[in-house]
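Inspection log for the structure reproduced underneath, given as structure tokens.
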Amino acid sequence: MKTKTILTLSAMVTMTATCTVVSAASIQAGKKKAEVCVGCHGEKGKGANPIFPKLAGQNPKYLTRQLEYFKNQVRNIPAMNAVASSLSDEDIADLGAYFSAHSPEPEEGQAPPEGMKIYLSGMADKKVPACSACHGPQGQGNAPAGFPLLKGQYPAYTVKALTDFASGERGEEKSPMRTIAQRMTEDEMKAVAAYIGSLK
Ligand code: HEC
Ligand code: HEC
């Protein structure tokens, strides 16, 4: 069943692989608009504090969707709901173009081998699919599909994201992440988050 879902998703991805056009003008406009984001997300979205996710290198489709989620309060984070409420569609597109144009930097430290195993192979006994199937073997994400880049992310943020998916606090009900996260223990989340943070 899970394999079928993944196959269907890959087919969808292939069919809709029309890339979002990111123009230089949009990146330039986004740079100016991103000045208000730097305090929390760091210079070029490379991170400033582990409680705020890194945005550098994230694909425009995912960034756009999340900013719309914050604007429409599908995702409830007061600081981000306030920031997103005044953004126009054009602002959102420019910000997505800007942050996607930079590269993330990995976190220091050793990743536990369990984390790598979960990431690359999943946990068949618990019906947890390999993260790499959707997020890519290097954590680079899948830009045409809008599956997020994960590599280099702060482990604390990744654990929070997984916890919020599991509790239903985050995202849409049909998000594949909800059931995946519900099948994971906190230790498994921590292990995979450390591995994701170490990916270059
Ligand atoms: C006052 C601090 C603050 C400011 C300013 C801020 N953010 Fe955020 N942002 C957050 C927090 C906190 C989260 C984490 C949400 C969570 O825990 O799920 C977040 C999450 C995000 C995410 C989701 C990332 C992901 O990987 O899912 C995006 C996209 C984002 N912010 C974009 C922006 C943009 C663009 C701006 C500027 C226009 C901005 N933020 C300004 C605090 C801030
Ligand atoms: C079937 C495809 C699929 C698989 C398999 C999958 N993911 Fe995801 N993941 C997604 C999608 C789609 C999203 C975006 C959800 C949204 O828009 O709310 C996502 C979002 C995430 C996020 C949030 C990123 C951010 O910046 O906030 C994290 C963390 C994550 N996944 C981790 C994992 C881990 C760890 C695994 C393996 C145990 C995994 N995913 C397996 C599709 C998948």
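All of the numbers you see were taken from the coordinates with simple rules; none came from a lab. Keep in mind it's a predicted model, so treat the numbers as computed, not measured. Counting neighbours? That spans all protein chains shown, and the Cβs are built from the backbone with ideal geometry, glycine included.
Annotations
- Contour excess over end-to-end distance, with Cα ends at GLN110 and GLU68 and 0.36 nm allotted per residue: 11.6 nm
- Between segment 66-93 and segment 100-143, the alpha-carbon center distance in angstrom: 27 Å
- Orientation-averaged projected area, Cα convex hull of segment 19-100 (nm²): 4.9 nm²
- Result for the chain in a Gaussian network model with C-alpha springs under 10 Å: among GLU43, GLU107, GLU35, the largest mean-square fluctuation is at GLU35.
- Within a Gaussian network of the chain (alpha carbon springs, distance under 10 Å), most fluctuating of ASP94, ASP125, ASP164: ASP125
- Within straight-line reach of LYS46, meaning a Cα separation under 17 Å, sit the following lysines at least 8 residues removed in sequence or on another chain: LYS31, LYS32, LYS33, LYS54, LYS151, LYS200.
- Kirkwood-based Rg to Rh ratio, the chain, C-alpha trace: 0.95
- Computed over segment 55-200, relative contact order equals 30 percent, with contacts defined as Cα pairs under 8 Å that lie 6+ residues apart.
- Structure-based [θ]222 nm, the chain - -39500 (n - 2.57) summed over DSSP H runs of at least 4, per residue, nearest 500: -15500 deg cm²/dmol
- Anchor LYS61: aspartates and glutamates whose Cα lies under 15 Å away (excluding residues fewer than 8 positions away in-chain): ASP89, GLU90, ASP91, ASP94
- Under the simplified labelling scheme, the ASN49-VAL36 pair shows an inter-label distance of 1.8 nm, with each label point 7 Å from Cα along Cα→Cβ.
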